[in-house]
Structure formats: C-alpha cells, structure tokens
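Colleague: The structure under discussion is supplied below as structure tokens; questions concerning it will follow.
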Amino acid sequence: QVQLVESGGGLVQPGGSLRLSCVASGTIFGINVMGWYRQAPGKQRDLVATMSTGGTIDYADSVKGRFAISRDNAENTLYLQMDSLKPEDTAAYYCTLRQGLNVYWGQGTQVTVSS
C-alpha cells in the first residue's frame, strides 16, 4: 500500500508562483511514475505533468514553459514548481503514483489563482 500527501497549495495572484510537494510512503518500487493531475469544479481530472524514476517527463500543453516537475527518488518526494500562474490554473491538484498495475492518489491540494 502507498500513501501520498500533498502540500503547498494556496491562494496566489495571477502571475505568481507556487510550489507543490508530494511525499510518498509505504511499499514503493524502484521503478514508478509519479505525477500531478488537476480538477476544476465541474470538469474532468486532467494530466498536468508526470515524471518517471528514470527522468522521463511529460507535460500538458497548457502548462509547458510555466510549470516544472521534479522528484527526489531517495526521499520519494515529487515537486511541481508553478510559475506565471493564470486564473485557469485554479483547481484541486492531485499527486499520483503508478507502479506495476496499481495507481495511487493523494487527497489533493487546492490552488486558487485570483486577484
């Protein structure tokens, strides 16, 4: 079993920055993919970015050039640096870990971009 705990969300003005963190604990394999998804009210949950233990990264087109995903494999921690935030980035952000056939989700952290 794996537990994921996100932190770092909050209220920020347009153009501002936030850094999200996700700490994974439990039985974690040496090879896995961690990522961030987001869900705005009334909308589906969408991919933001993923990163494998080997360093392969994938971004949604809407965040390319503004967001940067990174991870510390030794600490089982995932980060998302979000710059140049826009009101449309407002959503609950969820951390996910995929290993083998299993996918685990965190409880989410709210990001609100508003003036």
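The values are calculated or read from the model by the stated rules, or taken from the named source; none is laboratory data. Everything quoted here is computed from the prediction, not taken from an experiment. Neighbour counts are summed over all protein chains in view; Cβ atoms, including those assigned to glycine, are modelled from backbone coordinates with ideal geometry. To get the accessible areas, we keep the full protein, side chains included, count just its heavy atoms, and leave off ligands, DNA and RNA. Shrake-Rupley method; radii C 1.70, N 1.55, O 1.52, S 1.80 Å.
Colleague: Go through the stretch 88-106 and give me each residue that's open to solvent by 30 Å² or more (accessible area, probe 1.4 Å), in contact with a strand residue (DSSP E or B) (Cβ under 7 Å, 6 or more places away or on another chain) and either β-branched (V, I, T) or in a loop (DSSP other than H, G, I, E, B) (or both).
Modeller: Once the filter is applied, which keeps residues that are open to solvent by 30 Å² or more (accessible area, probe 1.4 Å), in contact with a strand residue (DSSP E or B) (Cβ under 7 Å, 6 or more places away or on another chain) and either β-branched (V, I, T) or in a loop (DSSP other than H, G, I, E, B) (or both), the stretch 88-106 yields T90, V103.
Colleague: Looking at (1) free of Cβ contacts under 8 Å to residues at least 60 places away in the same chain; (2) within 13 Å of the chain's Cα centre (by Cα), which is the one condition that is false for T27?
Modeller: (2)
Colleague: Still on this structure, I have one more. If I ask for residues that are more than 19 Å from N102 (Cα to Cα) and in contact with a Leu (Cβ under 6 Å, 6 or more places away or on another chain), which ones from the stretch 7-46 would you list?
Modeller: Taking the stretch 7-46 and keeping what is more than 19 Å from N102 (Cα to Cα), we get 7-21, 38-44.
If the condition is that a residue be more than 19 Å from N102 (Cα to Cα) and in contact with a Leu (Cβ under 6 Å, 6 or more places away or on another chain), then G8, V12, G16, L20 are the ones that fit.
Colleague: On to the next question. Return the residue satisfying two criteria in turn: it lies in the stretch 59-87 and is open to solvent by 50 Å² or more (accessible area, probe 1.4 Å) and part of a helix (DSSP H, G or I), and of such residues it is farthest from M34 (Cα to Cα).
Modeller: Only one residue tops the list, namely P87.
Colleague: Additional query: So how many residues does the stretch 1-23 have that are in contact with a Ser or Thr (Cβ under 8 Å, 6 or more places away or on another chain) and of a type in the set (D, E, K, R)?
Modeller: 1
Colleague: State all residues of the stretch 1-58 that are assigned to a loop (DSSP other than H, G, I, E, B), among the aliphatic types (A, V, I, L, M) and surrounded by 12 or more Cβ atoms within 10 Å (Cβ to Cβ); if no residue qualifies, say none. Before the answer, list the steps.
Modeller: Initial filter on the stretch 1-58 (assigned to a loop (DSSP other than H, G, I, E, B)): 1, 8-9, 13-17, 27-32, 40-45, 53-56.
This time we only want the ones that are among the aliphatic types (A, V, I, L, M), so: 28, 31, 40.
Selection gives I28, A40.
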